[in-house]
Amino acid sequence: MGMLKKTMLGLAAGAAVACLAGPALALDEITFGTNWVAEAEHGGFYQAVVDGTYEKYGLKVTIIPKADQAMLLGGKIQFYMQGNLLATFSAAEQGVPVVEVAAIFQKDPQIIMAHPESGLKTFGDLAKLKTMFIGDDLFATGYQWMKSAFPGITDEQRKPYNYSVAPFLADKDSGQQGYLTSEPYAVKKEGGFEPTVFLMADAGYSTTSTMIEGMQDYVAKNPDITKRFVEASIIGWYNYLYGDNKATNDLIKKDNADMDDAQIAFSIKQMKDYGLLVSGSAKDGGIGCFTDAQVKDFYDKMVAAKVVKAGLDLSKVYTTQFVCKGVGKELAK
């Protein structure tokens with residue numbers, strides 16, 4: 001996916017936001033850490049930098065690719081891109097003082113791929129496979145849910161995933177984990193065929209994804225900055241998906257030498273076709289929306305799958321106060 005690049009994207013710097021009648025106001029500075037290198041799956045945040053949306057909201061935003069939660073806890077960044085709600089549940093259990101303030105993706109992009117020759121039609125048909133290449137993290141979480149929700153799936157099918165599609169390509173009776181926006185493209189490129197794709201979200205793996213996470217104290221003390229960052233990010237995502245994203249994609253390619261136009265185009269198409277951002281509660285509430293009911297639904301499933309403990313107090317680790325207001329919906333075409 002590319003070399004780590006601690007690229008400081010200070011492109012939102014420039015003219016300060018001006019009042020209609022009065023002196024220019026200083027921009028509030030925000031550093032946002034993504035959880036991987038620059039790619040289309042982060043495009044809306046980059047878009048809001050490139051097209052000046054953050055600046056319009058009175059923010060100077062610097063993006064640090066491939067950050068981690070430790071940087072948030074250490075005060076090096078103000079917001080972090082959290083993967084999904086499993087980390088949120090872990091924070092509740094361990095008393096980590098973070099809070100999710102938006103869910104950019106309604107669906108987690110986690111998939112299981114199979115060869116077309118296998119003839120599999122439904123998610124439950126994965127039980128027919130001899131082998132599934134699954135990494136340790138997914139095996140401890142999503143795979144346990146798979147076994148709980150689809151009893152024919154077993155531990156015996158699982159083989160460790162080494163983050164290469166080669167073993168999958170060599171075995172037509174196998175499946176492999178991946179991301180909707182990435183691995184199917186690699187299979188097509190390296191194997192010359194389109195795999196059968198099963199999106200775990202569409203089978204009931206109901207976690208939201210690409211969460212905006214902040215520290216509880218920071219969000220409580222800076223609700224206005226938080227609101228502006230969330231809403232500007234949402235608008236950035238609408239503009240990236242439905243507007244002119246060329247300059248943003250040029251920046252993504254500049255910051256990630258392994259990214260090219262074909263991969264970016266594939267990722268954007270997948271995000272749209274499968275409704276990763278605009279589906280579920282986001283249809284009415286807009287991108288970024290998530291609800292108490294969504295959180296509870298996924299939490300109950302993870303408890304049933306014995307992935308997380310029952311009885312956790314989730315009230316401090318997420319808030320819906322900044323989302324579900326329909327911000328930017330008019331930008332969708």
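Observations on the structure shown:
- Each label was represented as a point 7 Å from its Cα along the Cα-to-Cβ direction; for residue 128 and residue 273 these points are 2.2 nm apart.
- Within a Gaussian network of the chain (alpha carbon springs, distance under 10 Å), most fluctuating of 48, 170, 149: 170
- Percent RCO, i.e. relative contact order, over the chain, from Cα pairs under 8 Å lying at least 6 residues apart: 28 percent
- Efficiency of FRET from Cβ geometry, residue 156 and residue 224, R₀ 45 Å, rounded to 0.05: 0.25
- 297, 260 arranged by Cβ crowding within 10 Å, fewest neighbours leading: 260, 297
- The chain: radius of gyration over Cα atoms, expressed as a fraction of 2.2 N^0.38 Å: 1.00
- Spin-label model, residue 315/residue 216: points 7 Å from Cα along the beta carbon direction are separated by 1.1 nm.
- By the rule of a C-alpha distance below 18 Å, with chain neighbours fewer than 8 residues away ignored, the aspartates and glutamates paired with residue 172 are 117, 125, 156, 183, 190, 194.
- Summing Cβ point charges (Lys, Arg +1; Asp, Glu -1) relative to the Cα centre of the chain gives a dipole of roughly 160 debye.
- Inter-label distance, residue 90 to residue 56: 3.7 nm, where each label sits 7 Å from its Cα along the C-beta direction.
- Applying a length cut-off of 15 Å (Cα extent along the axis) and a mean Kyte-Doolittle floor of 0.0 to the DSSP H helices of the chain leaves no helix.
- Full-extension gain in nm, residue 284 to residue 136, via 0.36 nm per residue minus C-alpha separation: 49.7 nm
- Annotation: amide H-H contacts under 5 Å for residue 29 (H modelled 1.01 Å from N, sequence separation of 5 or more, or interchain): 60.
- Selection among 241, 295, 280 by position relative to the dipole of region 228-333 gives 295 as farthest towards the positive end (Cβ unit charges, Cα centre).
- Full-extension gain in nm, residue 293 to residue 194, via 0.36 nm per residue minus C-alpha separation: 32.1 nm
- Annotation note: chymotrypsin sites (Phe, Trp or Tyr not before Pro) in region 83-176 located in DSSP loop regions with a Cβ neighbour count of at most 15 within 10 Å are 163.
- Alpha-carbon centroid distance for the pair region 206-237 / region 128-202, whole angstrom: 32 Å
- Per-residue Cβ neighbour rank within 10 angstrom, fewest leading, 181, 210: 181, 210
Here, each number is a calculation from the coordinates, and none is a lab measurement. Here the structure is a predicted model, which means the values were calculated and not measured. Please note: Cβ atoms are built from the backbone with ideal geometry, for glycine as well, and neighbour counts cover all protein chains shown.
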